[in-house]
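Written below as structure tokens is the structure these notes are about.
Bear in mind these aren't lab numbers, they're just calculated from the coordinates by the rules spelled out. Being a predicted model, the structure only gives us computed values, none of them experimental. Positions of Cβ are generated from backbone atoms using ideal geometry, with glycine treated the same way; all protein chains shown enter the neighbour counts.
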Amino acid sequence: MKKHSKGISVSLFLLAGLLALLFLALRVSGKSTSPSAGTFELYANFEGVAGLTLNAKVSMAGVVVGHVSAIGLDPDSFSARVTMQMNEGMEGLPTDSTASVLTSGLVGKKYIGLSMGKKTTLLSAGSTIYDTQSSFVLEDVIGKFLLNTVNNNDE
């Protein structure tokens, strides 16, 4: 009987250790067990979001103000619809604010950069940012350059 209770004690100790490790990992990574607490959603439609991933940061003036929580296709416009989970306190964005898909560094991660508009009407939770700039695709630029070079050589 003593051997059986010792095994249960060791199992409970290991389980408590794993739970503590999981809690610590969530705290260190900045993730939360309740991701929507104190946040609200904004949407933006882009022509292209190549390279943008879930949980990519949303920043304004170099400060992280949210993250990308979903990327999908808008069935009406056939454009990429990005859902952004914004931090509390970002409710006062003007309706003419701009959302751009940017790259950190030359070939770094993609993220959403917000630029403040000037209108006095403000976006509310669930609003859509209509002034957007899609991601810069290096392959497209190289393809256009090569096509122009070939066309110039043919003349």
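Please list 3J(HN,Hα) in residue order for the stretch 103-117, calculated via the Karplus relation 6.51 cos²θ - 1.76 cosθ + 1.60 where θ = phi - 60°; whole Hz, with x for glycine and proline.
Karplus values, whole Hz, x for Gly and Pro: 10, 7, x, 6, 10, x, 6, 7, 8, 9, x, 9, 10, 6, x.
Just to be sure I understand the curve: with the Debye formula and one point per C-alpha of the stretch 83-128, what is log10 I(q)/I(0) at q = 0.21 Å⁻¹?
Cα-only, vacuum Debye calculation for the stretch 83-128: -0.76.
Expressed as an acute angle from 0 to 90° and rounded to the nearest 10, what is the orientation of the C-alpha long axis of helix 138-154 relative to the principal long axis of the chain?
Orientation of helix 138-154: about 30 degrees from the principal axis.
Counting only other residues whose beta carbon sits under 11 Å from that of Thr103, what net charge do I get with K and R as +1, D and E as -1?
+2
Considering only DSSP states other than H, G, I, E and B, which chymotrypsin sites (Phe, Trp or Tyr not before Pro) in the stretch 106-147 qualify as loop sites with at most 15 other Cβ atoms within 10 Å?
Here the sparse-neighbourhood loop sites are Tyr130, Phe136.
Tell me, what is the percent relative contact order of the chain, built from C-alpha pairs under 8 Å that lie six or more residues apart?
23 percent.
Which percentage, to the nearest 5, of the DSSP beta bridges contained in the chain is antiparallel?
Taking every DSSP beta bridge within the chain, about 75 percent pair in antiparallel fashion.
Grab the other residues whose beta carbon is less than 14 angstrom from that of Tyr130, score K and R as +1, D and E as -1, and report the net.
Net of charged neighbours comes to -3.
Cut-off is 10 Å between beta-carbons; in what order do Ile8, Ile71, Ile112 appear when sorted fewest neighbours first?
The fewest-first ordering by Cβ neighbours comes to Ile8, Ile71, Ile112.
What angle, in degrees between 0 and 90 and rounded to the nearest 10, separates the Cα long axis of helix 2-29 from the longest principal axis of the Cα atoms of the chain?
Helix 2-29 sits roughly 20 degrees off the main axis of the chain.
With Cβ to Cβ distances under 15 Å as the rule, what net charge do the other residues near Gly72 carry (K, R +1; D, E -1)?
Result for the neighbourhood of Gly72: -3.
Output needed: percent of Cα pairs per 5 Å distance bin for the stretch 40-142, bins running from 0 to the one holding the longest distance.
Reading upward from the zero bin: 2, 13, 25, 27, 18, 10, 3, 1, 0.
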